[in-house]
Amino acid sequence: RSLSSGSEGESRLARVLRERFPRASSIRVVDISGGCGAMYEVHVESEEFRDKRTVQQHQMVNQALSEEIKHMHGLRIFTSTPKP
């Protein structure tokens, strides 16, 4: 299973993240590998991250994408909680 197409890979990762973080107010996935699907940047804003340290938030994202990560060379993760 390959994430070769940039937009296809972005859509797939966004779908997985939406399933894992249904309360997310924002999910953005960007192929930063020039379209080959080897490296992605993900931005997730979710209430589920509240009261968790950044490393814990990133672990949650890594766990959600564990299968997809096997096919990547790199992943940049940005997480936040919605502003009140």
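Converting phi to 3J(HN,Hα) with the Karplus coefficients 6.51, -1.76 and 1.60 and the offset θ = phi - 60°, segment 37-52 yields x, 8, 9, 10, 10, 10, 10, 10, 10, 8, 5, 5, 8, 4, 6, 10 Hz in sequence order, with x at every glycine or proline.
Sorted from greatest to least, the principal axis extents spanned by the alpha carbons of segment 8-80 come out as 35, 20, 18 Å.
If both residues of a DSSP beta bridge must be in the chain, then about 50% of such bridges are antiparallel. Our estimate of slack between H73 and E41, defined as 0.36 nm per intervening residue step minus the Cα-Cα distance, is 10.4 nm. Amide H contacts for S25 (H built 1.01 Å from N in the peptide plane; partners 5 or more residues away or on another chain; cut-off under 5 Å): E45, S46, E47. For V42, neighbours were defined as the other residues whose beta-carbon sits under 13 Å from its Cβ, and their charges (Lys and Arg +1, Asp and Glu -1) total +1. Think of each Lys and Arg Cβ as +1 and each Asp and Glu Cβ as -1; about the Cα centre, that makes the dipole of the chain roughly 180 debye.
Taking 0.36 nm per residue of separation and subtracting the Cα-Cα distance, what length does fully extending T54 through R15 add? Extra length available between T54 and R15 comes to 11.8 nm. Across segment 1-72, the mean sequence separation of Cα contacts (distance under 8 Å, 6 or more residues apart), normalised by length, yields a relative contact order of 32 percent.
Once neighbouring chains are kept in place and the probe is 1.4 Å, which whole percent of the accessible area of the chain is contributed by carbon and sulfur? Heavy-atom surface of the chain belonging to carbon and sulfur, 1.4 Å probe: 47 percent.
The values are calculated or read from the model by the stated rules, or taken from the named source; none is laboratory data. None of the values given here were measured: they were computed from a predicted structure. Neighbour counts are summed over all protein chains in view; Cβ atoms, including those assigned to glycine, are modelled from backbone coordinates with ideal geometry. Note: accessible area is taken over every heavy atom of the protein model, side chains too, but ligands, DNA and RNA are not part of it. Shrake-Rupley method; radii C 1.70, N 1.55, O 1.52, S 1.80 Å.
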